[in-house]
Structures are given as C-alpha cells and as structure tokens.
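Just so it is clear, none of the values below were taken in a lab; they were calculated from the coordinates. Note that the structure is predicted; figures quoted are calculated from it, not measured. Every residue, glycine as well, gets a Cβ built from its backbone with ideal geometry; the counts of neighbours run over all protein chains shown.
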Amino acid sequence: MRFGVLKFLCIVLTCLALLACGRGESNVVQGNRDGILHFGNGAEPQGLDPHVVTGIPESLIINALFEGLTVKNPHTLESEPGVAQRWDISDDGLTITFHLNPQAKWSNGDLMTAEDYVWSWWRALNPAMGNQYGYMLYPLKNAEDFATGKIQDFSDVGVKAVDEHTLQVKLNTPTPYFIQLMDHHSTFALHRPTIEKHGKATDRFTPWTRVENIVSNGAFRLKDWQLNRRLSVEKSDTYWDRDRVKLNGIVFYPTENIASEERMFRVEQLHYTQTIPLEKIPVYRAMEDSPYANAPYLGTYYYLLNINEPPLDDVRVRQALSMALDRERLNNTVLHKSNVPAYSITPPGTLGYWPPKVFDHNIEAARKLLAEAGYPDGKGWPGLELTYNTSESHLKIAVALQQMWKDALNIDITLTNQEWKVYLDSVDQMDFQMARRGWIGDYVDPNNFLDLFLCDGGNNSTGFCDPDYDKLIQHQAPQAKSRAERYAIFHQAETRLMEQMPIIPIYTYTSNHLIHPSVQGLPPNLMDYVNFRYIWLDKNQEVVE
Amino acid sequence: MWRFIGSRLLQAIPVLLVVITVTFFLIRVAPGGPFDSEKAVVPEVKAALEAQYRLNLTLFQQYTAYLGDLSHGDLGPSFKYPGRSVNELIAAGFPVTAELALYALLVALVIGVIAGVLASLKPNTAQDYIPMSVAMIGICMPSLLLGPILILVFGVYLDWLPVSGWGDSPGDKVLPAITLGAAYAAYIARLSRAGMLEVMSQDYIRTARAKGLPEWQVVSRHALRGGMIPVVAFLGPAFAGLLSGSFVVETIFQIPGLGRFYVQAAFNRDYTMILGSTVFLATLIVVFNLLSDILAAWMNPRLRNQLRAQ
C-alpha cells in the first residue's frame with residue numbers, strides 16, 4: 001500500500017511541475033520590456049469619482065487618470081504646472097488667477113475650459129454631494145457657507161471663469177497652501193457632459209466612472225477594471241504633456257494582505273509594494289542593493305489625552321506620562337528603527353518648518369512631576385485606561401509603553417482594544433481616558449496639524465481649548481508677511497500646545513516600500529507622493545535576489 | 001418526495017425572514033457607522049450622505065423599505081463602494097468563491113475518501129494510523145498557516161506555482177484549493193473511516209464475501225454506498241461552510257471572491273453589503289442542506305422507502 005501513496009504523491013508532484021512549465025516570465029520582466037508598471041496599491045478602490053472617494057489607494061489611481069490645476073514635483077513637493085500653465089497671485093494674496101494650458105484636453109478630445117472648473121467646484125461643494133473632502137475648497141470666498149447650505153447661490157462663491165482659459169479665484173484670507181490644494185483630487189475638474197449623461201450631477205451612485213463611460217484628463221486613461229483583481233490604465237494620447245510620459249501603462253493590484261504583497265514582490269509579480277510587514281524590515285535592510293525604501297512621512301502617531309477627566313486634568317500628570325517614555329528605545333526595538341521618535345505633533349521638516357522640542361525623555365523630572373501631582377512613586381494612582389483599535393502593531397507599542405510607565409513611574413495602565421468602528425465612536429464621543437491616534441497630513445503645511453487642536457476642531461478629541469492658541473493659528477498666522485514670520489507664529493503656538501500636553505506624540509511615520517531596482521523616477525518624499533509622469537523602467541537593472 | 005421538498009422550501013421562508021430581521025437590527029446595535037472615519041466628517045456632509053442612503057428615516061421605515069426592495073431582488077447600493085450595488089458585488093464575487101469552494105470540495109473528497117477508506121480496511125494498523133494522524137494535523141492546521149507554507153514551498157522556493165491571483169496564470173487555482181480543502185479533507189477522512197467501519201461489519205458485507213466476490217468489489221460495489229452516507233450528509237453544510245469560510249484563503253491568495261467583501265463589509269459597517277451577503281449565503285445554506293438531505297435519502301434505502309410512502 002505504501003507504493004500507492006507514493007505513486008499518488010509522484011503524480012501530484014508531476015502535475016505541479018508540469019503546471020510550473022507554463023509560468024513563463026514574471027510580471028516585472030514583461031513589464032520592463034513593455035513599459036508597464038506593476039503597482040501594489042494596498043486596497044480595492046472604493047470608486048474613482050474624485051469628489052466622492054477619500055482613501056490613499058483611490059488617490060493614487062486618480063492621480064494617474066486625472067490632473068489638477070497644479071501637480072507636485074516628486075523631488076521637492078513644490079507645485080508645478082498641471083492643467084494651469086501658470087498662475088498669478090495678487091499682492092494682498094486674496095486673488096489668484098490660473099491660466100489654463102490651451103493644449104489641455106479631456107480623453108475624448110474635448111478642450112478643457114475654465115468653465116469646467118466652475119462647474120466642478122459647484123459639484124464638489126454641493127451639500128447634496130456629501131463630499132467628505134469638500135473642505136479642501138473652504139479657503140475660497142463663501143465656499144464654506146455654500147457647502148453648509150447657508151447660501152444657495154453659487155455665483156457668490158469666489159470662483160469665476162474670466163474667459164475660456166482664465167480662472168479667477170478669490171479667497172477669504174491669504175492662504176499660502178492654496179496652490180498645493182489644487183493637486184488634491186477633491187479640487188479636480190470633471191467632464192460635465194459625461195457625468196450628466198449618467199445621472200444627476202450630485203448623485204454618488206451613477207456609473208460614470210466605469211471603463212466604458214469615464215472621461216478623464218490625466219496622463220493615463222482607464223483600460224480595464226476587474227473588481228478586487230486589478231485595475232489597468234494606459235497612456236493617454238490626448239494628454240497635453242504626453243511626450244514626456246514614459247510609462248505605457250500601470251496595473252494597480254488591491255494588495256490588502258501585506259504578507260501576500262511581500263510574497264508577490266519576491267516572485268516579481270510587483271514592481272512596488274504599498275508597505276512591508278514590520279518583521280521583514282531587518283531582513284530586507286540587511287540586503288545588498290536593498291529594494292527597501294524608507295523615508296519620513298507627513299504623519300504623526302500619538303496618544304490623545306482626555307483632559308476633562310482625572311487624573312489627566314492635571315497638566316503635571318500629562319507631562320510626567322510623556323517624559324517617562326523612551327521613544328528612542330521603542331523605535332529601536334518594537335519598530336525595527338523604521339520610524340522617527342516624535343516630540344511634537346508637526347512632523348519635522350514640514351516644508352522647512354522645524355517644530356519645538358519642549359520636553360525630552362527624563363525619568364527624574366517625570367517622577368518629580370508625578371509626585372507634585374500627588375502620586376509619589378505611583379502611590380494613590382487611580383489607574384488609567386489606554387484605548388486602541390485592534391491591531392498587532394498598536395498592541396506591541398502599547399505593551400512596550402505600558403512597561404515603560406510601570407518601570408519609570410510605578411503606575412499601572414490598562415490596555416483596551418476595540419474594533420475599528422467602535423474605537424472611532426469612542427474617540428468621537430470622548431469616551432476614553434487615553435487613546436491611540438494617527439494623523440496624516442492632507443497638504444504640506446504645519447497648519448494642517450496645528451488646527452486639529454482649535455477649540456472647535458472636529459478632530460481635537462482631547463477637550464483642549466486655549467483661546468490664545470486659536471488666535472495664533474486663526475488670526476495671526478494668516479496675516480504673516482513671510483514664510484519665516486508665519487513659521488515663527490506656528491512655532492510659538494506649538495510650544496504652547498506641547499507645554500499643555502493634551503497629546504503624547506510617539507513617533508513620526510515613515511513610508512515603507514519595496515521597490516524593484518528597475519523603477520526609476522520614484523524618489524522618496526514627505527507625502528509619499530507618486531507622480532507617475534516621472535517614472536520609467538530601466539530594463540538593464542539586474543533582478544533582486 | 002415532492003411534498004418533502006415543498007415543505008422544506010416553505011420552512012425556509014420564516015428562517016430567512018428571521019435571519020434578515022436579526023441581521024438588520026443587530027448590525028445597527030454595533031457602535032460606529034458607515035461614514036465614521038478617522039477624520040471628522042462635517043455634520044452637513046454627514047447629513048447629506050445619510051439622506052442618500054435613507055439613513056435619515058426611522059429604523060422601522062428603513063426596515064420596511066429594505067424588505068420592499070428585497071422583494072424585487074434589489075439588495076441596495078453599497079456604502080463602501082459608492083456607484084456599485086450589492087447585487088453587482090455579489091455577482092462579481094460569488095462565481096469566484098463558488099469555483100474555489102468546488103475545487104476545494106473536490107480536493108477534500110478525493111483525499112478524504114481515499115484516506116478514510118484505506119484506514120477503515122485495516123483498522124488499528126499503520127495503514128489506519130498514518131492517514132488518520134495526517135487527518136488530525138489537517139484539522140488542527142489553520143488555513144492561515146497552511147496557505148503561507150504552501151506558498152513558500154511551491155511558490156517562492158520551488159517557483160512552480162503562482163503565489164497569488166485567480167485565473168491570471170495557469171495553476172494559480174491549485175494552492176488555494178488545497179489550502180481551503182485540507183481541513184475538510186481531514187473531516188471527510190474521519191467520517192468515511194467511521195462510516196466504512198460500521199458498514200464493513202454488517203451482514204450483507206459478509207454475504208458478499210461469502211459469495212466469493214474479490215475484496216475490492218466488496219468495497220467498491222457494496223460497502224462504499226452505505227459507508228459514504230455520513231460523508232454525503234456532511235457535503236451540504238461543508239459546501240456552505242466553504243463558501244462562507246473562504247475569507248482567509250481569499251485574503252492570503254488575493255482572490256477576488258465574495259468572502260473578502262463579506263468580512264470587510266462587517267468591519268466597514270457596510271449595512272447593505274452585510275445584509276445582502278448574509279441573505280444570499282443563508283439562502284444558499286438552506287438550499288445545500290436540502291440537497292444533501294435529498295442525496296442522503298436517495299443513498300439510504302430505508303429513508304428512501306419512508307419518503308416514498310409519504
């Protein structure tokens with residue numbers, strides 16, 4: 001009988017080996033020859049309507065299919081001409097005039113006009129649309145009132161088509177980062193006849209983004225979209241700068257499982273992965289000519305403190321908790337040196353802004369502060385609960401910090417994990433004492449982090465309210481004459497914030513990718529911004545082993 | 001026979017109604033909603049979104065409206081994927097999951113029945129212990145462990161088979177089918193061993209031997225049909241289990257099936273998608289249980305006569 005089993009095994013293995021013969025060349029080899037980039041995109045896109053979607057996987061695909069008035073240079077993150085050839089800013093900073101490229105066309109050949117923008121921004125701001133990123137256009141005069149239904153007439157909103165190729169924009173206050181917002185998909189122009197052909201303009205459910213219907217204006221156009229399998233785009237022959245586009249196409253894969261994504265990269269099914277499993281970092285880092293790319297990212301990992309409730313209503317307790325943490329050690333051990341220890345909410349080097357370092361790791365000072373607050377050596381400590389959303393990495397970090405607090409201050413912290421939506425609800429209701437939080441910047445400006453903690457900030461979630469802080473952010477900073485002066489005001493505000501410590505910053509995020517050596521023109525940057533127009537594939541680069 | 005089928009189908013209606021009602025209200029009790037995200041949503045925007053999905057109505061109005069749509073076969077729009085209906089998502093994912101489940105079931109049957117029968121022929125010898133120990137390992141080894149091991153060996157080290165995908169390259173269905181089928185193969189092995197052992201000691205087997213039939217004919221012509229009854233009874237629930245339990249395998253192998261949508265829908269509070277897939281899977285489970293009952297009746301002469309008498 002043993003022969004039977006052996007025979008069976010032999011047959012199975014032969015079948016497998018035969019199947020293996022059909023495997024042929026890998027995606028990467030084929031892609032390098034044909035100019036097709038195989039891109040691990042993290043998840044299936046929710047959709048492709050730029051005024052509806054909110055996530056990173058969607059924004060990556062939309063950036064290939066559409067183009068804003070401006071685009072970012074992937075090396076410097078400064079704005080470059082997109083649909084707008086150039087733009088003028090008035091001396092008072094309140095009026096911006098965009099001059100559209102007369103060559104800019106839709107993928108069906110129609111010319112792009114300033115009127116396209118007026119209509120599209122009406123759609124993006126329309127309350128019925130439910131656009132979660134509509135606030136990107138709030139710097140426009142009266143835009144917020146229109147979006148919240150306070151005014152009905154869109155002609156009062158500060159956007160006007162002066163002529164076919166000139167778009168004039170009026171702002172509430174000088175907004176230096178407004179030009180940057182023009183490369184965010186919520187501000188993109190959409191093709192009106194296409195959208196109206198498939199239903200009401202403000203309806204979220206119409207099929208206008210399907211392969212057979214969609215009209216876009218970017219360097220690529222949609223070729224194929226198979227749900228949860230792959231989405232392919234091909235080079236557009238109507239794009240104004242098509243001669244500079246080097247890729248012939250991109251295939252986006254919904255690589256939700258990061259372990260699977262890493263395996264796909266290993267067998268050369270992918271050129272690029274969205275991320276990398278934490279435990280694989282040391283392995284890849286040790287390689288020669290490592291495909292591992294790690295760069296600072298515009299996001300901060302921190303703990304929210306509910307300062308309305310004891311014991312965290314005492315600023316000394318909050319400071320003691322923060323100072324007791326050894327962020328360097330956390331990063332070197334649990335995080336495999338993949339991140340950057342943080343001592344502020346704004347990531348260092350946000351377009352030239354360097355945040356203050358108000359405190360440092362100092363166990364002695366932390367103990368003293370805690371004793372002053374009435375808990376010498378942890379005596380009488382009422383206990384504290386840390387809430388985080390269920391995830392292995394959040395757990396590892398929480399356990400490490402829990403131990404640091406125990407060792408340094410002799411206090412007990414209990415850990416509670418909650419499923420994602422339950423956790424969001426707890427944070428929203430401020431039903432927690434201490435909670436994990438992360439914030440990723442929408443645009444490169446300290447304002448995007450500091451305005452979180454305004455008294456009425458929708459994402460404040462700490463109970464922190466300091467009128468002087470609000471004044472600095474809302475009134476003084478927008479009036480600043482120069483970038484240096486503006487940053488000095490932000491610096492002052494952030495110092496106030498960190499002295500009162502409504503949050504405990506833990507680390508600054510980094511982006512982590514595996515990138516095949518054949519991929520060129522994909523530099524690391526603070527926003528993890530990918531400009532597909534710059535990318536090309538070098539066939540001569542040897543394969544990763 | 002027809003009365004039996006008819007009454008079982010009628011019984012299914014209240015079952016499904018209970019499933020719909022319980023699911024509908026249960027998911028609403030869960031904290032958090034489909035539009036909660038890490039970034040606070042402007043109240044006006046949230047109100048507009050809720051209006052587009054009828055969430056501004058009272059819960060009972062939503063319930064009756066949902067039942068109304070359902071009676072036309074309309075499962076509503078997805079919350080997570082605006083622009084796609086739940087019907088469309090199920091239509092895209094289900095054929096893939098069904099195909100995967102079918103292959104997995106074939107793998108499970110072939111391996112399970114062979115191992116079980118071999119073991120039952122010489123009980124308490126090496127021929128029994130070895131397949132049964134392997135079966136025990138199969139039951140204990142979760143697919144989230146087996147899958148990556150198979151991928152590492154056959155996909156990465158040997159480079160024989162693709163590590164992910166579905167229908168993209170030849171052979172990419174082999175590893176998922178084996179991974180998903182393994183645990184069921186183990187169950188089937190144990191079931192068929194037990195079933196066969198019982199049958200092999202019956203009088204009619206002795207009769208068959210007595211009339212001089214070779215052993216392989218005794219097994220294949222007389223014993224198998226009786227011995228496989230527990231296996232067949234298990235097939236319906238097993239197939240339903242494979243359909244609804246393929247999530248892990250679909251995730252490991254990046255397979256665009258229904259399981260991934262279903263589980264993500266729960267995390268996303270995609271109310272219509274949760275309801276739609278639950279109703280759909282519940283219907284399937286009812287149907288498969290019915291089918292396996294019919295099949296079992298057909299294989300068991302005593303039950304068959306009983307039904308005929310009705």
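Measuring gaps between exposed loop sites in chain A (trypsin sites (Lys or Arg not before Pro); DSSP loop; at most 13 other Cβ atoms within 10 Å), the longest gap, sites not included, is A:201-356. Using bins of 20 Å that start at zero, the share of Cα-Cα pairs per bin across chain B amounts to 27, 48, 22, 3, 0, in whole %. Expressed per residue, the C-alpha convex hull volume of region B:121-279 stands at 153 Å³. Per residue, the convex hull spanned by the Cα atoms of region A:319-409 amounts to 111 cubic angstrom.
Legend: calculated FRET efficiency, A:Arg33 to A:Thr333, from the Cβ-Cβ distance at R0 = 51 Å, rounded to 0.05, equals 0.75. Looking at the protein assembly as shown alone, DSSP beta bridges between its own residues are antiparallel in about 80 percent of cases. Rounded to whole Å, the principal axis extents of the Cα atoms in region A:350-507 read 50, 38, 26, largest first. Here the Gaussian network model covers chain B, with springs between Cα atoms less than 10 Å apart; of B:Leu158, B:Leu243, B:Leu275, B:Leu158 fluctuates the most. Pairs of C-alpha atoms in region A:160-216 farther apart than 19 Å represent 48 percent of all such pairs.
The translational diffusion coefficient of the protein assembly as shown, from Stokes-Einstein at 20 °C and 1.002 mPa s with a Kirkwood hydrodynamic radius over alpha carbon pairs, comes to 70 µm²/s. In chain B, a dipole from Cβ-located charges (positive for Lys and Arg, negative for Asp and Glu) runs towards its positive end, and of B:Leu275, B:Val113, B:Ile20 it is B:Val113 whose Cα lies farthest in that direction.
Quick one: A:Phe453, B:Phe94, fewest Cβ neighbours within 10 Å first, how do they rank? With the fewest neighbours first, A:Phe453, B:Phe94 line up as B:Phe94, A:Phe453. Couplings 3J(HN,Hα) for region A:303-308, derived from phi with the Karplus relation 6.51 cos²θ - 1.76 cosθ + 1.60 (θ = phi - 60°), are 10, 7, 10, 7, 7, 7 Hz, where x marks Gly and Pro. Note on region B:71-130: Kirkwood radius taken over Cα pairs, Stokes-Einstein applied at 4 °C and 1.567 mPa s, translational D equal to 86 µm² s⁻¹. Principal semi-axes of the equivalent ellipsoid, √(5λ) from the alpha carbon gyration tensor of region A:122-229, are 27, 17, 14 Å from largest down.
Membrane-span-like helices in chain A, defined purely by DSSP H runs whose alpha carbon atoms cover 20 Å or more axially and whose average Kyte-Doolittle hydropathy reaches 1.6, are A:2-21. Please report, in cubic angstrom per residue, the volume enclosed by the convex hull of the alpha-carbon atoms of region A:450-533. That works out to 156 Å³ per residue. Restricting the calculation to Cα atoms, region B:189-310 shows an Rg/Rh of 1.18 when the hydrodynamic-style radius is the Kirkwood one. Nearest 0.05, what FRET efficiency do B:Trp2 and A:Lys379 give at R0 = 60 Å with Cβ-Cβ as r? Step by step, r from the Cβ atoms, then E = 0.15. Shown is the FRET efficiency for A:Ala43 and A:Glu419, computed with R0 = 22 Å from the Cβ-Cβ distance and rounded to the nearest 0.05: 0.75. Fully extending the segment from A:Lys160 to A:Arg483, taken as 0.36 nm per residue of separation minus the present Cα-Cα distance, adds 113.5 nm.
Residues A:Met323, B:Met299, ranked from the fewest to the most other C-beta atoms within 10 Å, line up as B:Met299, A:Met323. The local environment of B:Gly112, defined by Cβ-Cβ distances under 11 Å, has a net charge of +2 under the rule Lys, Arg +1 and Asp, Glu -1. By other beta-carbon atoms within 10 Å, ranking A:Glu144, A:Glu288 with the fewest at the front produces A:Glu288, A:Glu144. The equivalent ellipsoid of region B:1-99 has semi-axes of 32, 18, 12 Å, largest first, where each one is the square root of 5 times an eigenvalue of the Cα gyration tensor. Shape call for region A:167-277 from the C-alpha gyration tensor, a ≥ b ≥ c root eigenvalues: rounded (a/c under 1.5), prolate (a/b greater than b/c) or oblate? Judged from the Cα gyration tensor, region A:167-277 comes out prolate (a/c at least 1.5, a/b above b/c).
Computed per residue of the protein assembly as shown from DSSP H runs no shorter than four, each worth -39500 (n - 2.57), the mean residue ellipticity at 222 nm is -14000 deg cm²/dmol. Which distance in Å, rounded to a whole number, links the C-alpha centroids of region B:253-291 and region A:171-210? One Cα centre to the other: 33 Å. D for region B:231-280, whole µm²/s, Stokes-Einstein with Kirkwood Rh over alpha-carbon pairs at 37 °C and 0.692 mPa s: what number? Roughly 283 µm²/s, to the nearest whole number.
Any idea what angle helix B:86-121 forms with the longest principal axis of chain B, computed on alpha-carbon atoms, 0 to 90 degrees, nearest 10? Once rounded, the angle reads 20 degrees. With semi-axes defined as the square roots of five times the eigenvalues of the C-alpha gyration tensor, the equivalent ellipsoid of region A:15-147 measures 39, 20, 14 Å, largest first.
Could you tell me whether region A:404-481 comes out rounded, prolate or oblate from its Cα gyration tensor? Rule is a ≥ b ≥ c as square roots of the eigenvalues, rounded for a/c under 1.5, then prolate if a/b exceeds b/c, otherwise oblate. In terms of gyration-tensor shape, prolate.
In whole Å, what is the distance between the alpha-carbon centres of region A:422-443 and region B:97-122? Result: 48 Å between the Cα centres. Pair-distance distribution of region A:53-129: all C-alpha pairs, bin width 10 Å, starting at 0; shares per bin in whole percent are 15, 40, 38, 6. What you get for the protein assembly as shown, charging only the Cβ of Lys and Arg (+1) and of Asp and Glu (-1), is a dipole of about 3760 debye around the Cα centre.
Computed over chain B with a Gaussian network model linking Cα atoms closer than 10 Å, the most mobile of B:Gly93, B:Gly257, B:Gly167 is B:Gly167. I'd like the distance between the alpha-carbon centres of region A:296-330 and region A:34-65, rounded to an integer number of Å. Measuring centre to centre over Cα atoms gives 35 Å.
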